[in-house]
1. What residue, of Val40, Val86, Val90, is of a type in the set (Val, Ile, Thr) and either farther than 27 Å from Tyr29 by Cβ or surrounded by fewer than 17 Cβ atoms within 10 Å (Cβ to Cβ) (or both)?
2. Yes or no: region 118-129 includes at least one residue that is in a strand (DSSP E or B) and of a type in the set (Asp, Glu).
3. Going by the conditions given, is Glu135 farther than 17 Å from Leu21 by Cβ, in a helix (DSSP H, G or I), in contact (Cβ under 8 Å) with a residue 40 or more places away in the chain and over 18 Å from the mean Cα position of the chain (by Cα)?
4. If I ask for residues that are among the polar types (S, T, N, Q) and touching a strand residue (DSSP E or B) at 6+ places or on another chain (Cβ under 6 Å), which ones from region 66-99 would you list?
5. Does any residue of region 74-90 turn out to be polar (S, T, N, Q), more than 18 Å from the chain's Cα centre (by Cα) and outside the structural domain of Leu152 (by TED's automatic domain parsing)?
6. Across region 93-111, which residue is surrounded by the most Cβ atoms within 10 Å (Cβ to Cβ) among those that are of a type in the set (A, V, I, L, M) and at pLDDT 95 or above?
7. Return the residues of region 43-64 that are surrounded by 12 or more Cβ atoms within 10 Å (Cβ to Cβ) and of a type in the set (D, E, K, R); say none if nothing qualifies.
8. Just give me the residues in region 159-175 being under 18 Å from Arg3 (Cα atoms) and part of a helix (DSSP H, G or I), in sequence order.
Amino acid sequence: MIRIGIAGGIGSGKSYVCQRLRQRGYEVYDCDSAAKRLIVTPEIRRQMTALIGPDSYTADGRLNKAVVSQYLLASADHQKAINDIVHPAVFRDYLASGMQWMESAIMYESGIYRLVDRVVVVTAPLEERIRRVMERDHISRRKVLDWIGRQLPQEEVARRADFVIVNDGQSDIEQQLNQIIEQCNRPF
């Protein structure tokens, strides 16, 4: 079994593509959901508390997002320190899951691409991405552009990928998925 990662910037439609895979019967590991689940485990809680302080979790064991966000946004070093705790836990959890497909918004930034054999990137025109996120999250265009600006450029992610799915609202997603699945099922 080869492992396949699905990447794409905010609003590109990678979650939609993963939903289409699930409807076909494939399990897809979601790195974002896993990180949220893992961050409250005793091991990560201990490490985060040692890094940030006792206020990093609430009395009932939930992540204190305000405290952690303040720490995270204070510097690139702080962001790296948190990532150095969370990312390896997600990597281990993905490998233990036995799932073939994996979705990650930060495939290259996190280094998780090293755990997969093939990378699929979902792309969409910038204006379409902006519209989708504004509608989904009820936020301003400026905020969406800020988020997009914090991610690797879509063109760079596509350049590094083995396959590209164009999710422009006109291209046939199912046909593109069929081609990728067929190619991934061929011997290397």
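The values are calculated or read from the model by the stated rules, or taken from the named source; none is laboratory data. Given the structure is predicted, the values throughout are model-derived calculations rather than measurements. Note that each Cβ is placed from the backbone with ideal geometry, even for glycine, and that neighbours are counted across all protein chains shown.
1. Val40
2. no
3. So Glu135 does not fit the description; no.
4. Ser97
5. Scanning region 74-90 turns up at least one residue that is polar (S, T, N, Q), more than 18 Å from the chain's Cα centre (by Cα) and outside the structural domain of Leu152 (by TED's automatic domain parsing).
6. Result: Met102.
7. Scanning region 43-64 gives Arg45, Asp55.
8. Arg160
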